[in-house]
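Each reported figure results from applying straightforward, stated rules to the coordinates on display, with no laboratory input. Note that the coordinates shown come from a computational prediction; the quantities given were computed from them, not determined experimentally. Quick reminder, even Gly has a Cβ in these numbers, built from the backbone with ideal geometry, and neighbours come from all protein chains shown.
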Ligand code: SF4
């Protein structure tokens, strides 16, 4: 599936483009005290290593602003300073060299202050994210609308944009985050109809996984599928590395970014499974992730359906009769004892990455396909062909309908 993308302006966050049809980027935010320079930098590196293209850091006091002055030049990715309430901290963050600012319109409300920040940002070529949040909406708008409805969030963003544009500042991206997924989706849809600035997507305060992940995916993926969104953040109550990983994985699974990490597919297991699929998958995942291979790997519980169902995977393993059947692009290339199946999978994945599909198919064991076919036949004989249940259904009906 390909996604048409809404046309937006392009801005630069340091050396990372956002909008204008450039690859959708992943953001996350540090949870350390910004004044703890080494601790914050360690987290920035961890986030960058897990898929974050841009990292946001709070600038909530003078110590934090001073910390940013040391962090920014040593960061592997552009840094966005998160500003609430005190516009002077935005000016300080600019002086510290940050590559972008995030301003919350609900918390900095004086037009003169907003314009002062915009003027200073313009002088340095630094973009601003207008970061509206359903939980900290401008009080006047809350009174006007009664609650944080999409119209209120969008009006808040538009008001802030007007202040910025009045001082000729257009280096803008916008977010209208909400913790209620349908409201978040409607807010962005409404916003997308009214502006052509790039949009930063997120479900705010999504909470811990798995609920937080599900909410974020529901909101972000729905909008991406509609072509809305230029950069994304999962706001999880978890180690921020999980946010970065989830954001990156979502984009890879949607085909919006190139695969850079393992994509493990596995059958859900069923009564036909010849092995503990959950345990084998967990072990395979841990060991393959440690290898850092960007390939798609399948773990399938039985050889009856496994290799066929997972033929799109680069490599996979299917169990059957105490053996593991290793397959590449659906072709069985090796048969190993069940106790060695994960070892064999990791070993073959490494070779596949180094040598490529053709070379590994050429190195296939001569009789691997025949052994797999024989095992498949035996299992079908014992348990029946899952794809051919017509006779069984007829027999069941015949018994059930007996007088
Ligand atoms: S691959 Fe085999 S064990 Fe896994 S769900 Fe399919 S039939 Fe069941």
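When you scan the range 59-71, do you find a residue that is part of a loop (DSSP other than H, G, I, E, B) and surrounded by fewer than 24 Cβ atoms within 10 Å (Cβ to Cβ), even just one?
Yes: the range 59-71 contains one or more residues that are part of a loop (DSSP other than H, G, I, E, B) and surrounded by fewer than 24 Cβ atoms within 10 Å (Cβ to Cβ).
With respect to the numbered conditions (1) away from the ligand (no atom under 16 Å from the Cβ); (2) surrounded by fewer than 17 Cβ atoms within 10 Å (Cβ to Cβ), which one is the sole condition not fulfilled by residue 314?
(2)
Which members of the range 225-257 meet the condition of being farther than 18 Å from residue 47 by Cβ and over 12 Å from the mean Cα position of the chain (by Cα)?
Answer for the range 225-257, where residues must be farther than 18 Å from residue 47 by Cβ and over 12 Å from the mean Cα position of the chain (by Cα): 225, 226, 227, 228, 229, 230.
Every residue in the range 293-311 that is away from the ligand (no atom under 11 Å from the Cβ) and farther than 18 Å from residue 343 by Cβ, please.
Correct list: 294, 296, 311.
Going by what's in this entry, would residue 330 be described as within 16 Å of the ligand (Cβ to nearest atom), buried (at least 16 other Cβ atoms within 10 Å of the Cβ) and either on the phi < 0 side of the Ramachandran plot or touching a residue at least 12 places away in the same chain (Cβ under 8 Å) (or both)?
Here the answer is no, as residue 330 does not meet what is asked.
So, of the residues in the range 256-279 that are within 24 Å of residue 50 (Cα to Cα) and free of Cβ contacts under 8 Å to residues at least 40 places away in the same chain, which turns out to be nearest to the ligand (Cβ to nearest atom)?
That would be 266.
Which one of these does residue 283 not meet: (1) within 11 Å of the ligand (Cβ to nearest atom); (2) closer than 22 Å to residue 335 by Cα?
Tallying (1) within 11 Å of the ligand (Cβ to nearest atom); (2) closer than 22 Å to residue 335 by Cα, residue 283 fails exactly one: (1).
With over 23 Å from the mean Cα position of the chain (by Cα) and within 23 Å of residue 245 (Cβ to Cβ) as the only criterion, which of 319, 284, 279, 313 stands out?
Testing whether each residue is over 23 Å from the mean Cα position of the chain (by Cα) and within 23 Å of residue 245 (Cβ to Cβ) leaves just 279.
Give me the pairs, please: first residue somewhere in the range 291-302 and over 10 Å from residue 264 (Cβ atoms) and in contact (Cβ under 8 Å) with a residue 40 or more places away in the chain, second residue anywhere and within 16 Å of the ligand (Cβ to nearest atom) and in a strand (DSSP E or B), beta-carbon distance under 8 Å, and either six or more positions apart or on two chains.
Close Cβ pairs satisfying both conditions: 302/318; 302/319; 302/320.
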